[in-house]
Every structure is written in structure tokens, then in C-alpha cells.
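This report refers to the structure that appears directly beneath it.
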2 protein chains.
Amino acid sequence: MRLRGVHHVGIAVSDLDEAVATWERLFGARVEYRDALDEQGVDAVSLLVGESRIELLAPTGDDTPVGRFLARRGPGMHHVALEAHDVHEAVRELASAGVHLVDTAPRRGLFGLEVAFVHPDAVHGVLTEVVAGG
Amino acid sequence: MRLRGVHHVGIAVSDLDEAVATWERLFGARVEYRDALDEQGVDAVSLLVGESRIELLAPTGDDTPVGRFLARRGPGMHHVALEAHDVHEAVRELASAGVHLVDTAPRRGLFGLEVAFVHPDAVHGVLTEVVAGG
């Protein structure tokens, strides 16, 4: 598994514009992209904080993965995304090691990137995304 | 506020050695440091994943901040640390903007670094650490 490092930290929020304003005001964050994934029920903003990326995720409804996360745990850190040199190879390696995956093959995620999620059960409670370089 | 980016992602775990082994096996993580902060009741391992840093935190007892976090939420993502060019200046800026801080001045944290925590109430549920460059 060859990883470049953390691609972004995903954060679940209830009000996207309010959260963007907070990150701008407190930490000098700059908006990089906005995107929506209707089939996942999520609106997202990618922020640059220094040289790193923070992804804010707001649900489009209660009965969505992020909506259920907010109902259960409240707003907060949602996932960590690791950038792979080759996301297909990374997912094949994880699958052949018997790791519990949410996505058994990369799919198109936010911002047009290929992503696959590893189940939090496999990473001591951390929802972990493997993502292709942007 | 001039920030370099994400310094590390802090993750609360119940068994430090098991979690280190998982991150090594799944994501090729390498142990950078081990440290303990008795007054905070935490044992920690800093891992390098590609060029990024993941900090695994295990409590030394139930009645510690990380012990209470685990009892309330289970293992998972605990905080995000942002590296400041000047941590003292960063904390002064946040304080003078009226931001709710856990530490109103930098203190010595894990791995000998100067750190200050911003209260999660101020960052939509995200416990955020500002840390001096290592």
C-alpha cells in the first residue's frame, strides 16, 4: 500500500455556509470547490487550510448517511481520507487482505475523484477513505 | 492566522498496540514516536502515513479526557491539529476574537510540542488543536 498521506479530513456539519464562515474566520480557510452528490445525499465544500484540505459535508435530508451520522453523534469529524498512488491497487490489496470495505471497488466521489471507503469496524472506529490523487 | 496545514489527525483508541498494528498492516504506517502525558492520562503513538501524521491516543484510565471520550462515543476520530507558523500569535488572535478556547495560552503537549486546544463548541463539534511546527 503506497499512500501519499492524508488527502483531507471530512467533517459533518448541519449548516454548510455557517461552517464555511467559521473555518474562514478562525483558521483563514479558503474555499476550493463546492459539489453535491445527490445519490449520497450530501452537499460539500472543500476548504484549503494552509496546504491541507478540510471537507465539510452537509446532508440534503435526514435519511442520508451524513443525516443519520448527525442524528446519532452530532456535528464533528466524520472520516479521514488517505491519498493513494493507485487507488485501484490499494483497494485490491485491502480486499485481498480480507479488510471490511464499504466499497469493494473505487467509485466516483465528490469533486470527481475516485474513492473507496473502508468500514470503520476495520480501523478501530475510523471511517477511512482511500482516494486517488486530485 | 497563518497556518501550514493539518499537523496530525488525533484518534482515540482503547488498545494502542492493536491500533498501531492495524495502521501498519492496512496503510503501511510507520511509528514515528511514542510518548505519554501523565497529567493528561494519555499514552500516544505518532504514526507517519505517507507524508502525513496520525496520532493514536489511548487513555491510562477511565477518568481521563480520552477515557471519558471512549466511554461516551467509542473509539474514533478525536481531534484535528493545525500547525501554526507562530502558535502564540495564533492563540492570541483566537482569544482576542472571543473564540472559546480550552487553553488560553500554549502549553507543552505530546512529543514536546507547544499546543493549545480550541473548544469544539467554537468549531461545530470539532476539537481543534493549534500546534507549533515540530
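No lab work stands behind these numbers, since they all come straight from the coordinates. Because the structure is predicted, anything quoted here is derived from the model rather than measured. Positions of Cβ are backbone-derived with ideal geometry, glycine not excepted, and every protein chain shown enters the neighbour counts.
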Review point. If you take the residues in segment B:11-20 that are more than 9 Å from chain A (Cβ to nearest Cβ) and touching a residue at least 12 places away in the same chain (Cβ under 8 Å), which one is nearest to B:Leu70 (Cα to Cα)?
Key: B:Leu16
Point to revise | Residue that is nearest to the other protein chains (Cβ to nearest Cβ) [pool: residues in segment A:21-42 that are surrounded by fewer than 20 Cβ atoms within 10 Å (Cβ to Cβ) and touching a helix residue (DSSP H, G or I) at 6+ places or on another chain (Cβ under 8 Å)] | key: A:Thr22
Revision key, fill the gap. Of the residues in segment A:16-35, those that are farther than 22 Å from B:Gly10 by Cβ and either polar (S, T, N, Q) or in contact with a strand residue (DSSP E or B) (Cβ under 7 Å, 6 or more places away or on another chain) (or both) number 8
Point to revise | Condition broken by A:Gly5, with the remaining ones in (1) facing chain B (nearest Cβ under 9 Å); (2) in contact with a helix residue (DSSP H, G or I) (Cβ under 8 Å, 6 or more places away or on another chain); (3) not hydrophobic (A, V, I, L, M, F, W, C) satisfied | key: (2)
Check your understanding: In segment A:68-112, which residue that is closer than 22 Å to B:Phe69 by Cα and surrounded by 18 or more Cβ atoms within 10 Å (Cβ to Cβ) is farthest from the other protein chains (Cβ to nearest Cβ)?
Key -> A:Phe69
Practice item. Give me the pairs, please: first residue somewhere in segment A:113-125 and more than 13 Å from chain B (Cβ to nearest Cβ), second residue anywhere and assigned to a helix (DSSP H, G or I) and crowded, with 18+ Cβ neighbours inside 10 Å, beta-carbon distance under 9 Å, and either six or more positions apart or on two chains. Key: A:Leu113/A:Val87; A:Glu114/A:Val87; A:Val115/A:Val87
